[in-house]
Amino acid sequence: MGDLRNCPECGKVFVKINKNLCPDCIDKEEVAFENVRKYLKDNPNASVEEIVEITGVEEKKVLRWMREGRVDVSFSDGSSGLTCKSCGTSIRTGNFCSNCAKTLSAQMKGAAGQKIIRQEEPEKEKRRGMYTADRMRDD
Ligand SMILES: [Zn+2]
Ligand SMILES: [Zn+2]
């Protein structure tokens with residue numbers, strides 16, 4: 001059985017089974033992602049600002065997809081808008097820069113960094129699996 005929880009997007013109460021958003025918001029987000037994906041296909045050099053302006057999708061969503069590696073875009077000034085969660089340096093995708101990722105994986109072997117990794121990774125993997133399944137259904 002799932003837990004009742006509030007959708008972080010729209011605030012609606014829904015039964016959480018293995019998704020973080022309510023079904024409505026998941027549908028909406030997938031539609032938004034498709035729009036962005038199509039736009040990027042025609043405009044591979046589009047900036048984040050341009051995508052937000054043309055597709056109407058929220059910047060924070062674009063940033064999240066960048067973190068998840070679903071889209072490869074940058075701001076018009078060339079920055080990715082993403083920063084390493086550990087040291088704050090500018091990164092292209094993911095949560096950590098390559099230096100911190102190395103440090104963290106070394107720490108993980110020594111158990112000290114485990115907590116950080118645990119917080120980030122299962123969520124990401126869950127979401128990725130979910131979208132893959134959804135996309136396959138659409139096709
Ligand atoms: Zn919702
Ligand atoms: Zn870093």
Report task. Kindly establish whether S79 is touching a residue at least 12 places away in the same chain (Cβ under 8 Å) and surrounded by fewer than 17 Cβ atoms within 10 Å (Cβ to Cβ). Result -> no
Query raised in the report: If the Cβ limit is 9 Å and pairs must be 6+ apart or interchain, which residue in region 1-20 that is within 16 Å of ligand 2 (Cβ to nearest atom) and part of a loop (DSSP other than H, G, I, E, B) pairs with which residue that is among the aliphatic types (A, V, I, L, M) and at pLDDT below 90?
Result: none
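Any residue at all in region 41-64 that's of a type outside the set (A, V, I, L, M, F, W, C), within 12 Å of the chain's Cα centre (by Cα) and loosely packed, with under 15 Cβ neighbours inside 10 Å?
Let us first name the residues in region 41-64 that are of a type outside the set (A, V, I, L, M, F, W, C), namely 41-45, 47, 49-50, 53, 55-56, 58-61, 64.
From what is left, the residues that are within 12 Å of the chain's Cα centre (by Cα) are 59-61, 64.
Adding the requirement that they be loosely packed, with under 15 Cβ neighbours inside 10 Å leaves 59-60.
Yes: one or more hits.
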Query - Residues of region 86-95 that turn out to be buried (at least 17 other Cβ atoms within 10 Å of the Cβ) and touching a residue at least 24 places away in the same chain (Cβ under 8 Å), as a count - result: 2
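Quick check on E49: is it within 30 Å of A101 (Cα to Cα), in a loop (DSSP other than H, G, I, E, B), among the acidic types (D, E) and more than 16 Å from ligand 2 (Cβ to nearest atom)?
Numbers: within 30 Å of A101 (Cα to Cα): yes; in a loop (DSSP other than H, G, I, E, B): no; among the acidic types (D, E): yes; more than 16 Å from ligand 2 (Cβ to nearest atom): yes.
No: the conditions fail for E49.
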Query raised in the report: Within region 56-110, can you find the residues that are assigned to a loop (DSSP other than H, G, I, E, B) and among the hydroxyl-bearing types (S, T, Y)?
Result: S76, S79, S80, S86, T89, T93
Report task. Just need a number here: residues in region 27-51 that are touching a residue at least 24 places away in the same chain (Cβ under 8 Å) and within 11 Å of ligand 1 (Cβ to nearest atom). Result -> 1
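The values are calculated or read from the model by the stated rules, or taken from the named source; none is laboratory data. As the structure is a computational prediction, the values presented were derived from the model and not from experiment. Ideal geometry is used to build each Cβ from the backbone, glycine not excepted, and the neighbour counts take in all protein chains shown.
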